[in-house]
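Structure first, commentary second.
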Amino acid sequence: MNKRAPHTIDDTALRAWPLPMPDASGDKEIRGHVLVLGGSREMPGAVILAATAALRAGAGKLTIATGASVAQLVALAIPESRVLGLAETEAGGCKPDAVARLDPLAEKVDALLIGPGMQDEAATAALVEGLLPRAQDTAIVLDACAMGVLLQRQERFERPVIVTPHAGEMAHLTGAAKEEILAEPDRFAREYAERWNAVLALKGARTVIAAPDGTLWQHEGGNIGLATSGSGDTLAGIVAGLAARGTPLAQALCWGVALHA
């Protein structure tokens, strides 16, 4: 496979790369269990959007972990879910004891999405670092505030995770100017996918997806309607839902981008 030229994500490409399908005689267990960790006092809707999208993408079971102040609201909004309320910091993040609270779940879920609607970047980064060793067989999707863990790490992820920055977030994570990233999205996506050991979607009107081995995909089938609050939360949820079904990370991200568009 040519690592230099991006592969275009279109209907033809997707038909040739079908998603894994659950056995028609199976139950919700075989469709996968997704844990969505997100939300805060000021942004409870983000975790609702992400969790709803994960279910619509085909996950069989849904657990949501969110701030205790909004947990009841989230539970009422998504009655299909199990909702855990976590103690919050003054800045709106999760306190360190959230790791112990979530530890029994970490090895039981098939996909873990962290970030939509979260606040307190430092507390969220500590939470991510605490959960990663406990989720060795779990597909990990880092979105929004959770991607701030990349500012704290000196080494690559031990195994690939999904990250979903737009150009502004990519500038924050890399220190490069947003204009520079917009001018050379392929280079930045490939370079940092390799550096972080991540399957990376650099979101925009033309979304570039890069795998750690340097393979690139591109998608241009969206529209300006996607440029709205909550759009990224929905994308992250779709990707997590697909990953929970057993879809490989790069395929889940490529399909997720196309379905979102």
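Miscellaneous remarks
- Residues within region 137-158 that are in contact with a helix residue (DSSP H, G or I) (Cβ under 9 Å, 6 or more places away or on another chain) and outside any helix (DSSP H, G or I), tallied: 10
- Options 110, 27: the member that is open to solvent by 20 Å² or more (accessible area, probe 1.4 Å) and touching a residue at least 40 places away in the same chain (Cβ under 8 Å): 110
- Hits in region 225-247 (condition: in a loop (DSSP other than H, G, I, E, B), of a type outside the set (A, V, I, L, M) and surrounded by fewer than 17 Cβ atoms within 10 Å (Cβ to Cβ)): 228, 229, 230
- When residue 222 is tested against the conditions (1) of a type outside the set (Ser, Thr, Tyr); (2) touching a residue at least 60 places away in the same chain (Cβ under 8 Å); (3) open to solvent by 10 Å² or more (accessible area, probe 1.4 Å); (4) part of a loop (DSSP other than H, G, I, E, B), the lone failure is (2).
- Total residues in region 104-136, condition hydrophobic (A, V, I, L, M, F, W, C), touching a Ser or Thr at 6+ places or on another chain (Cβ under 8 Å) and not in a helix (DSSP H, G or I): 5
- Exclusive hit being surrounded by fewer than 24 Cβ atoms within 10 Å (Cβ to Cβ) and over 18 Å from residue 238 (Cα atoms), set 69, 40: 69
- Residues that are crowded, with 16+ Cβ neighbours inside 10 Å and either at pLDDT 95 or above or not β-branched (Val, Ile, Thr) (or both), drawn from region 74-92: 74, 75, 77, 78, 81, 83, 84, 85, 86, 88, 92
- One residue stands out in region 14-24 among those that are open to solvent by less than 60 Å² (accessible area, probe 1.4 Å) and either β-branched (Val, Ile, Thr) or touching a helix residue (DSSP H, G or I) at 6+ places or on another chain (Cβ under 8 Å) (or both): the one that is modelled with the lowest pLDDT, namely 22.
- Scanning region 219-261 for residues that are small (Gly, Ala, Ser) and within 13 Å of residue 141 (Cβ to Cβ) gives 232, 236, 237, 240, 241, 243, 244, 250, 252, 256.
- Residue match in region 2-10 (condition: closer than 17 Å to residue 255 by Cα and without any contact (Cβ under 8 Å) to a residue 40 or more places away in the chain): no
- Of all residues in region 159-191, those satisfying the criterion of being open to solvent by less than 50 Å² (accessible area, probe 1.4 Å), in a helix (DSSP H, G or I) and either closer than 26 Å to residue 93 by Cα or at pLDDT below 95 (or both) are 167, 168, 169, 170, 171, 173, 174.
- Taken together, the criteria place residue 49 among residues that are in contact (Cβ under 8 Å) with a residue 60 or more places away in the chain, surrounded by 20 or more Cβ atoms within 10 Å (Cβ to Cβ) and among the hydrophobic types (A, V, I, L, M, F, W, C).
The values are calculated or read from the model by the stated rules, or taken from the named source; none is laboratory data. These figures come from a predicted structure and were not determined experimentally. As a convention, Cβ positions derive from the backbone with ideal geometry for all residues, glycine included, and neighbour counts pool all protein chains shown. Side chains included, ligands, DNA and RNA excluded: accessible areas come from the protein's heavy atoms. Shrake-Rupley method; radii C 1.70, N 1.55, O 1.52, S 1.80 Å.
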